Amino acid sequence: MRTVSIVNVTSYTALELLRLLNQHPKFLVTSVTGRSAVGKRLEGIFPQLHAVLPPPGREVPAVDPALVITEEPAQTDLAFVCLPHAAAAELAVSLLKRGIKVVDLSADFRLRDASVYEEWYKHKHPAPALLETAVYGLCERYRERVRTASLVANPGCHTTTSILALAPAMAGGIVGPNVIINSITGISGGGRTPSLSYHYSEANEDAHAYSLEGHRHMPEIVQELEAVAEAGGHPVKGGLRLTFVPHIAPMTRGILATCYADLLEDEHGRLPTSEEIRSFYRQYYVNEPFVHIVERPPHTKWAYGSNHCFIYPIVDGRTNRLIVISCLDNLIKGASGQAIQNANLLCGLPETMGLAGLGVNP
Ligand SMILES: NC(=O)c1ccc[n+]([C@@H]2O[C@H](COP(=O)([O-])OP(=O)(O)OC[C@H]3O[C@@H](n4cnc5c(N)ncnc54)[C@H](OP(=O)(O)O)[C@@H]3O)[C@@H](O)[C@H]2O)c1
């Protein structure tokens, strides 16, 4: 049994971790921290935890509803850090010093270059020395490195959706450097802290684009898609030219990214068909338990509540563009499910352990 802490348990990602970990046969949550909730019991904050039952094969639940929320995390094998950026990096330093492995759900260790982080996050990186050892926790790309890491940077939600959508095309040199991504997120992507634009009467029956001046997930997508192209032997000359436009829609969870890129001719001057691309994508993800190439445009509801990502590539024959539509649950494959995938690898457990659940639909 591995013991885990959840730091900032009053966040949405932490709440989702509690739900998923309660189905996990090998993790035991022994420490939960919070800020405003210090001194309260978990069940006092989240009454639904009264209903926890032990997972199959265990006598006690993985989550004890009577666990008291503390200010500092106790000594555990691993910590999930669900803090906002900057606060997360500061805590990660002390956790690592105590020999605790860290899965950080914030953006603090996702960008390899501290100056890029400082440009997008508008403050000095709190722990630049850790950037070299941090591993970007997109398991589909870096699982071997995650297995031997101490610090994993769990990828962002828009970024996971977009990178999984375009990685095969970039790795295979199928598309050129001009890429457009329209990515729709549900309201929980904004977190649990109340704000006017997430207020029910503002958000309900409304949809809009935001962060057109540059969303913080953009450099992460560029960094990883350029790396995947390079690794596939098709480096992007002059760098990726990405237009990334996030949108918010009135759904609680879910991300749906529609990605567009110009198809490149092969050495015989031929463009691939939709069937060829789909078969290439299927082959690329053949061993991936959580990535599925589907035969029609996916719905966010297919992924709601699960760690799965659904991807539909198609050729637009009128413009010779590749269109790839990808969706997942922002709080699971886009956050806490992926964090458990990483924690499994860090602890030498099967990557899919505790994550077998299907989505909830309708
Ligand atoms: N939401 C998503 O879909 C998603 C997806 C991927 C990654 N992430 C990342 O995961 C992390 C957690 O996000 P979330 O959306 O789950 O969180 P959240 O719901 O926004 O959690 C915010 C809670 O954190 C506490 N908090 C705020 N600032 C704090 C600070 N400086 N120190 C300690 N506690 C603080 C507040 O609780 P009190 O005021 O009650 O203390 C607040 O209720 C973030 O880094 C986020 O970027 C989120």
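The values are calculated or read from the model by the stated rules, or taken from the named source; none is laboratory data. Since we're looking at a predicted model, the values are computed, not measured. Cβ: placed from backbone, ideal geometry, glycine included. Neighbour counts: every protein chain shown.
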The lone exception for residue 39 - which of (1) at pLDDT below 95; (2) assigned to a loop (DSSP other than H, G, I, E, B); (3) more than 9 Å from the ligand (Cβ to nearest atom) it fails: (1)
Might you let me know whether segment 124-139 holds any residue that is under 30 Å from residue 171 (Cα atoms), crowded, with 17+ Cβ neighbours inside 10 Å and either without any contact (Cβ under 8 Å) to a residue 12 or more places away in the chain or within 13 Å of the ligand (Cβ to nearest atom) (or both)? yes
Does segment 344-360 contain any residue that is modelled with pLDDT of 95 or more, in contact with a Ser or Thr (Cβ under 8 Å, 6 or more places away or on another chain), among the polar types (S, T, N, Q) and closer than 23 Å to residue 157 by Cα? yes
Out of (1) more than 16 Å from the ligand (Cβ to nearest atom); (2) within 13 Å of residue 27 (Cβ to Cβ); (3) among the β-branched types (Val, Ile, Thr), what's the single condition that is false for residue 340? (1)
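Answer with yes or no whether residue 94 is of a type outside the set (A, V, I, L, M, F, W, C), more than 16 Å from the ligand (Cβ to nearest atom) and over 14 Å from the mean Cα position of the chain (by Cα).
No, not satisfied.
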Could you say which residue among 62, 88, 92, 107 is modelled with pLDDT under 95, farther than 16 Å from residue 146 by Cα and surrounded by 20 or more Cβ atoms within 10 Å (Cβ to Cβ)? 62
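Can you tell me how many residues within segment 171-196 are farther than 30 Å from residue 229 by Cα and either touching a helix residue (DSSP H, G or I) at 6+ places or on another chain (Cβ under 7 Å) or aromatic (Phe, Trp, Tyr) (or both)?
Selection size over segment 171-196: 6.
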Filter result (away from the ligand (no atom under 12 Å from the Cβ), part of a loop (DSSP other than H, G, I, E, B), touching a residue at least 60 places away in the same chain (Cβ under 8 Å) and under 17 Å from residue 50 (Cα atoms)) within segment 1-36: 23
Residue tally, condition touching a residue at least 24 places away in the same chain (Cβ under 8 Å) and in contact with a Gly (Cβ under 7 Å, 6 or more places away or on another chain), over segment 180-204: 1
Which one of these is touching a Pro at 6+ places or on another chain (Cβ under 7 Å) and not β-branched (Val, Ile, Thr): 73, 84, 54, 47? 54
Residues located in segment 79-102, provided they are part of a strand (DSSP E or B) and of a type in the set (Lys, Arg): 101
What is the one condition in (1) crowded, with 19+ Cβ neighbours inside 10 Å; (2) touching a helix residue (DSSP H, G or I) at 6+ places or on another chain (Cβ under 8 Å); (3) in a loop (DSSP other than H, G, I, E, B) that residue 76 does not satisfy? (2)
Are any residues in segment 153-182 under 20 Å from residue 339 (Cβ atoms) and either surrounded by fewer than 20 Cβ atoms within 10 Å (Cβ to Cβ) or within 13 Å of the ligand (Cβ to nearest atom) (or both), and if so, which ones? 153, 154, 155, 156, 157, 158, 159, 160, 161
Taking the criterion of being in contact with a strand residue (DSSP E or B) (Cβ under 9 Å, 6 or more places away or on another chain) and within 12 Å of the ligand (Cβ to nearest atom), would at least one residue in segment 46-68 satisfy it? no
Segment 6-45, subset in contact with a strand residue (DSSP E or B) (Cβ under 6 Å, 6 or more places away or on another chain) and among the hydroxyl-bearing types (Ser, Thr, Tyr), residue surrounded by the most Cβ atoms within 10 Å (Cβ to Cβ): 33
